[in-house]
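Written out below as structure tokens is the structure these notes cover.
Readers should treat all values here as calculations from the given coordinates under stated rules, not as data from a laboratory. It should be emphasised that the depicted structure is a prediction, and the values quoted were computed from it without experimental measurement. FYI the Cβ positions are ideal-geometry reconstructions off the backbone, even for glycines, and counts take in every protein chain you see.
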Amino acid sequence: MADSPVPGPAPPLRILQVNSAMTGGGTDDQCVKLALALHQLGQTSALAGPDDREVSRVVRQLGLPFHPTPPEGKLKRGFILAVARLIRRERIQIVHGHHGRDLWPAILAARLAGTRPQVVLSRHLAKSPGSWPSRHLLLRCCAAVIAVSEFVARILREGVADPHSPEKERHWRGPIRGPLHKIRVIHGGIDTDRFQPADAAEQRRQWGLAPDDFAFGVVGAYGRPRGKGQREFLAAAARIAPRLPHARFLIVGRGDLGDQLRSDIARLGLTGRAWLTPYSQDMPAAMNALDCLVHPQVGTEAFAVVVLEALACGRPVIASALDGIPEAFAAGNYGCLVPPESIDELAAALLDWGARPRPTDAERAALHARVAAEYSTRAFGGRMLRCYRELLAGG
């Protein structure tokens with residue numbers, strides 16, 4: 001009896017990421033990282049979106065196939081028709097939409113193309129889509145909805161109530177309707193080749209930190225009304241600053257709460273101990289310049305990529321035990337989680353970790369390895385590629 005032929009490698013898939021925003025932020029970052037990872041894994045991976053945006057320039061610099069789309073037009077008609085023609089011309093097998101504004105355009109473009117590609121939609125926010133059609137029909141019109149965390153999947157499947165939260169949007173986040181088996185959880189990834197332990201003496205010098213200073217830092221935008229808990233961070237810092245003379249409290253980012261935060265620093269007696277840094281374009285250097293990342297989120301958070309970045313650099317993390325943040329924290333489990341909004345417990349955590357010795361080089365390297373094994377960009381792309389192949393095979 002003749003031996004059965006050994007199957008060859010699976011042919012590359014033709015995948016299109018649809019993104020009509022391309023202006024920056026977490027969703028765009030993950031969209032580009034996914035396209036790049038798939039490209040590196042040997043797939044025919046491209047993006048479609050406007051060509052005059054910050055992220056489209058990044059895509060071109062990375063050498064990824066990029067298809068510029070025309071002005072959206074009324075009801076996004078121009079965008080949808082352009083994507084439909086692209087799907088048909090390039091024989092796209094997977095159409096993947098990321099922003100809420102692109103969910104229905106991706107579906108409609110795939111239908112208009114007439115080639116029956118599989119439509120995959122990601123949910124990057126810790127809430128269900130806002131419109132009635134999306135909540136009731138979306139699952140019936142796509143092959144899969146990718147939740148970026150187990151917490152987001154729980155919202156989509158069951159809804160989540162937190163009626164006592166000071167944040168109104170947390171009071172009730174309702175589920176979506178339809179075939180719930182189409183909801184899959186795939187965590188995102190980070191560039192662990194860039195986010196790894198490294199010397200950051202120059203960045204610390206630029207920030208005005210002395211070698212013996214212990215630098216806590218909140219990294220992220222500080223937009224109105226409450227940012228990512230920067231004001232709570234400063235309130236906790238004021239409580240423990242007299243007991244940790246070498247502690248410094250940095251706010252790394254940008255936003256329209258800057259004047260309020262500077263006022264808080266002066267009012268709380270933290271002048272010279274806390275400050276807003278200039279905006280950083282080199283986030284791996286910023287993470288390595290900190291001794292401890294603080295992520296005291298008070299709003300909603302689907303999955304905290306910034307926590308992964310700090311852990312990958314071998315830094316402890318103090319973060320709110322909120323929404324999808326614990327899932328990111330579990331990647332390294334180094335630091336601690338505290339109840340959101342609790343100044344007392346945040347201050348206690350700052351005092352505890354500010355008094356501990358810094359991790360050794362070996363400890364930082366081991367932490368990086370743990371994070372990289374599961375949350376590298378390549379690992380992220382591999383998880384999504386397996387999902388695509390299952391959908392095309394009818395799984």
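For the chain, how big is the tail of P(r) above 40 Å, as a whole percent of Cα pairs?
20
Quick one: work out the % antiparallel among DSSP beta bridges in the chain, nearest 5.
Of the beta bridges lying entirely in the chain, close to 5 percent run antiparallel.
Translational D (Stokes-Einstein, µm²/s) of segment 88-181 at 20 °C and 1.002 mPa s when Rh comes from the Kirkwood sum over C-alpha pairs?
153
Order by neighbour count: C387, C31, fewest other Cβ atoms within 10 Å first, most last.
The fewest-first ordering by Cβ neighbours comes to C387, C31.
List, in order, the whole-Hz ³J(HN,Hα) value for each residue of segment 196-209 obtained from phi through the Karplus relation with A = 6.51, B = -1.76, C = 1.60 and θ = phi - 60°; use x for Gly and Pro.
8, x, 7, 6, 10, 4, 5, 5, 5, 4, 4, 7, x, 8
What list of ³J(HN,Hα) couplings, whole Hz, do you get for segment 227-240 from phi and the Karplus terms 6.51, -1.76, 1.60, once you set θ to phi - 60° and write x for glycine and proline?
x, 10, x, 5, 5, 5, 4, 5, 4, 5, 4, 4, 6, 10
Which order results if Y279, Y334 are arranged by neighbouring Cβ count within 10 Å, fewest first?
Taking fewest neighbouring Cβ atoms as first place, the list is Y279, Y334.
Ranked by Cβ crowding within 10 angstrom, fewest neighbours first, how are L392, L125, L290 ordered?
L392, L125, L290
Nearest 10 degrees is fine. How inclined is helix 77-90 to the longest principal axis of the chain, computing both from alpha carbons?
70
Tell me which residues come under 5 Å, amide H to amide H, from A147 once H is placed; ignore anything under 5 positions away on its chain.
It is R123, R184, V185, I186, by chain and number.
Mind pulling the angle between the C-alpha long axis of helix 361-375 and the longest principal axis of the chain? Nearest 10 degrees, somewhere in 0 to 90.
Helix 361-375 sits at roughly 30 degrees to that axis.
Just how many pairs of Lys in the chain have C-alpha atoms closer than 22 Å, counting pairs that are eight or more places apart or on different chains?
Lysine pair count for the chain: 4.
When the helix-only estimate is applied to the chain (DSSP H runs of n ≥ 4, each -39,500 (n - 2.57), divided by the residue count), what is the mean residue ellipticity at 222 nm, nearest 500 deg cm²/dmol?
-11500 deg cm²/dmol
Scan segment 134-233 for GluC sites (Glu not before Pro) in coil per DSSP, keeping those whose Cβ has at most 15 other Cβ atoms within 10 Å, and list them by number.
Those satisfying the criteria are E167.
Working from Cα positions, state the angle (0 to 90°, nearest 10) between the long axis of helix 258-267 and the longest principal axis of the chain.
Helix 258-267 sits roughly 20 degrees off the main axis of the chain.
Points 7 angstrom from Cα along the Cβ direction at A198 and S131: gap in nanometres?
Distance between the two pseudo-spin positions: 4.3 nm.
Over the residues of segment 1-129, compute the C-alpha Rg and express it relative to 2.2 N^0.38 Å.
Expressed relative to 2.2 N^0.38 Å, the Cα Rg reads 1.14.
Could you identify which residue out of C292, C313, C336 has the top mean-square fluctuation in a GNM of the chain using Cα springs shorter than 10 Å?
C336
Can you give me the three principal axis dimensions of segment 201-375 from its C-alpha atoms, in Å, biggest first?
Sorted from largest, the Cα extents of segment 201-375 read 44, 35, 31 Å.
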